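Notes for the one structure printed next.
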Amino acid sequence: MLGAALLLAGFVQAGVAKETIARWLGAESGLRGLLIATLAGAATPGGPMAAFPLVFALAAGGADRGALIAYVTAWSLNGLQRILVWEIPILGPEFAALRFVASLPLPILAGLMARRLPGSIA
Amino acid sequence: MSAAGIVIWLAAAVAAVLLWRRDRKAALAGGRFAFATLKGVLPLMLLALPMAGFLAVLVPERFAALLLGPETGLRGHLVATVVGAFIPGGPFVSFPIVLALWSSGAGPAQMVTLISAWSVLAINRVIVWEAPLMGWRFVALRLATGFWLPLASGLAAEALLALLPPGTIGG
């Protein structure tokens, strides 16, 4: 599993041109970049061994910290696979819907905050 | 089955029909994927649900209601934030714990806070995965931008619950 995730991260880095990642998820990508990162995070299935290698690859590929934070936050708060496979069966669709809606704007807000904080990462 | 359950089954059926008409191979692959996931999840689910039942009996009713009940206000959300942050493991650990607390008298909005804290703060995941792979600077940035999210989601859930007719989301 970890091997597959690392391979995938490698392929992303090798296959997707740095300019492409920077254009879609870079510092100049604006609100649209945060929205794309949020959707990608929610769509990423699996646990931390799958998501973090991808975050690492995106960071190396030119994604800015706002997009990275939005991605990780969306994956952890509202990963669709976790909602469908675990949350709805165990806690019920009504509760899952309540939590989903209550958390929906948060990845974008966290991403906006990350862009405004001083200092820099990777 | 609840109305929402029927909606999800309908959505799955519509997706299956649409995909089948566009690309039969993809539709079969989707079915195989669902079956493979089910095979992986089912054994855990068979452990998780009885675990939730046992926990619900073990957690004294007054304890969950007192600390995390619907009337506990801000203090309940803060307790839920701390408890959630320290729950380790995947959804097959956390969701049964939430189910047990909920059926022992915890409020649904407080449980939203708890799941968000487990998702976002995730002390265990930070130590095992995030810090080694991304470095502590990234962890610091993520916690600096994320520490308030559990409370925000819980308060948003409170606001949504106030708009819904009472009993829509029962324990």
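The values are calculated or read from the model by the stated rules, or taken from the named source; none is laboratory data. No experiment lies behind these values; they were computed from the predicted model shown. Neighbour counts run over all protein chains shown; Cβ positions are idealised from the backbone, glycine included. Protein only, heavy atoms only, side chains kept; ligands, DNA and RNA dropped before computing areas. Shrake-Rupley method; radii C 1.70, N 1.55, O 1.52, S 1.80 Å.
A:K18 contributes an accessible area of around 120 Å² to the protein surface, as traced by a 1.4 Å probe with all chains present. Taking 0.36 nm per residue of separation and subtracting the Cα-Cα distance, full extension of the segment from B:A15 to B:T37 would add 6.2 nm.
Under a model in which nothing but the beta-carbon of Lys, Arg (+1) and Asp, Glu (-1) is charged, region A:39-122 shows a dipole of about 220 debye around its Cα centre.
Note down the relative contact order for region A:24-122 as a percent, whole number, built from C-alpha pairs under 8 angstrom at least six residues apart.
Relative contact order of region A:24-122: 34 percent.
When chain B is described by a simple charge dipole with +1 on each Lys and Arg Cβ and -1 on each Asp and Glu Cβ, the residue from B:A80, B:G90, B:I115 located farthest towards its positive end is B:G90. Under the convention that each Lys and Arg Cβ holds +1 and each Asp and Glu Cβ holds -1, the size of the dipole of the protein assembly as shown around its Cα centre is about 660 debye. Charge tally around A:M49: other residues with Cβ under 15 Å, Lys/Arg +1 each, Asp/Glu -1 each, net +1. Between B:I169, B:L47, B:A16, the Cα set farthest toward the positive side of the dipole of the protein assembly as shown (charges on each charged residue's Cβ, about the Cα centre) is that of B:A16.
The stretch between A:L31 and A:L117 holds 29.3 nm of extra length on full extension. This uses 0.36 nm per residue minus the Cα-Cα distance. Each other residue within a Cβ distance under 15 Å of A:G92 adds +1 if Lys or Arg and -1 if Asp or Glu, for a net charge of 0. The spacing between region B:101-171 and region A:27-47, judged by their C-alpha centroids, is 19 Å. Over the protein assembly as shown, accessible surface divided per residue gives 51 Å², non-protein components excluded, 1.4 Å probe. Chain A contacts chain B over a buried accessible area of about 3800 Å², both sides summed; the probe is 1.4 Å and only protein chains count. Which of A:W24, A:G41, B:P132 sits farthest toward the positive end of the charge dipole of the protein assembly as shown, with +1 on the Cβ of Lys and Arg and -1 on the Cβ of Asp and Glu? The Cα lying farthest towards the positive end belongs to A:W24.
Suppose R0 equals 51 Å. What FRET efficiency, 1/(1 + (r/R0)^6) with r the Cβ-Cβ distance, do B:A131 and B:K25 give to the nearest 0.05?
Here the calculated transfer efficiency is 0.75.
Before anything else, pin down the relative contact order of region B:37-171: Cα pairs under 8 Å, at least 6 apart, normalised by residue count, whole percent. If you can, show how the numbers build up before the last one.
Numbers: 162 pairs, mean separation 36.2, N = 135.
For region B:37-171, the relative contact order is 27 percent.
Placing +1 on the Cβ of every Lys and Arg and -1 on the Cβ of every Asp and Glu, with nothing else charged, gives region B:1-159 a dipole about its Cα centre of roughly 700 debye.
Taking each DSSP H run with n ≥ 4 as -39500 (n - 2.57) and averaging over every residue of the protein assembly as shown yields -24000 deg cm²/dmol at 222 nm.
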